[in-house]
1. I want the local charge near Thr126. Using Cβ-Cβ distances under 11 Å, sum +1 for each Lys or Arg and -1 for each Asp or Glu among the other residues.
2. Please state the relative contact order of the range 2-161 as a whole percent: Cα pairs under 8 Å, 6+ residues apart?
3. First select every other residue whose beta carbon is under 14 angstrom from the beta carbon of Pro88; then total the charges, Lys and Arg +1, Asp and Glu -1.
4. Count the net charge of all other residues whose Cβ sits under 13 Å from the Cβ of Leu155, scoring Lys and Arg as +1 and Asp and Glu as -1.
5. If we sort 163-175, 48-60 on the protection proxy, mean other Cβ atoms within 10 Å, highest first, what's the order?
6. Would the chain count as rounded, prolate or oblate if I go by the C-alpha gyration tensor, calling it rounded below 1.5 in a/c and otherwise prolate when a/b exceeds b/c, oblate otherwise?
7. Name the shape class, rounded, prolate or oblate, that the alpha-carbon gyration tensor gives for the range 44-117, where a ≥ b ≥ c are the square roots of its eigenvalues, rounded holds for a/c under 1.5, and otherwise prolate holds if a/b is larger than b/c and oblate otherwise.
Amino acid sequence: MLTALMLSAIGMSSGTTTWTLDGCSDGDDVIWNSPDTVDPDADTYVNLFEVVTVEVTVSWFGQEFGPIDVTYMLDELTFPGEAPGPCPTEFDPTVFVFPEPPDPVAVAFELHTVMNAEGMMTVNITNIQLGQTEVEIPIFGEVTVLIEELCVNGLEYITPTYVQCPADINADGIVNVNDILVLIGDWGTTGSPADLDGSGAVDANDLLMILAAWGPC
Ligand SMILES: [Ca+2]
Ligand SMILES: [Ca+2]
C-alpha cells in the first residue's frame, strides 16, 4: 500500500524549481543555501543534482596549476534523491568517493541536504578529502598531482509532489467504504495514513474528510 501511495505521490507535481549550486573548497566544509523557497507543504520532494563542471587547482612540485576541468573523469553526473514532506525534512546523505576503491582517493565528500520549515534548502558538504590525481599539464604531459582546491558547478532540481487523493487511504483509486474500514481499524491511533488532517490521531475529522471526498479520485 505504501508503494501505491508513493506512486500516486509522484504522479502529480506543481513544477520543478532549478537552482544553481556553486562551491569551492580547499578541504573545509561548504554550506550552500537555496536563493529562495519551494512549497513547504508538499507530500514528497523529488530532488536531482546535476554536475555541470568540476574543476581542480593542483600542485606539482610546489607549482600550482589550474583551474583544470576534470568533469570528463566522472562516471556519474546526476544524483537523485527523495524526501518525505512536509518541511522541515531531509534527504538521505550521499557519500561521494572518486575514483572507486581500491584506487587511492582523489576526491571524497559527504552531502547532507535538508529543507527548513519555510522550504529553503541547505546542502552541507562535509568530510571533504582531496588527494592525488593524474592530469595533463602543458609541456609536461600527464603527471600525478596533489589536488589543492575543488570547485563544483551544478544544478539542483527540486520538485514538490502531492498525493492526488489523500482520502483514498488504500490507494485503489476511489474513496468509498473500504477507506472507512481502514479508518475504523486505525481509530484513535497515531501515525496512521488515515490521519488525513495530520492532527496526530485518527478521529471524526478524518471521517468527515473521507465523506467530503467520496467517489472516484
Ligand atoms: Ca479507496
Ligand atoms: Ca486526524
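Any read-out appearing in this document is the output of simple, stated calculations on the displayed coordinates, not a laboratory observation. What you see is a predicted model, and the numbers here were worked out from it, not measured in a lab. Every residue, glycine as well, gets a Cβ built from its backbone with ideal geometry; the counts of neighbours run over all protein chains shown.
1. Neighbourhood net charge equals -3.
2. This gives 37 percent for the range 2-161.
3. -4
4. Cβ neighbours under 13 Å give a net charge of -3.
5. In descending order of packing, they fall as 163-175, 48-60.
6. In terms of gyration-tensor shape, prolate.
7. prolate
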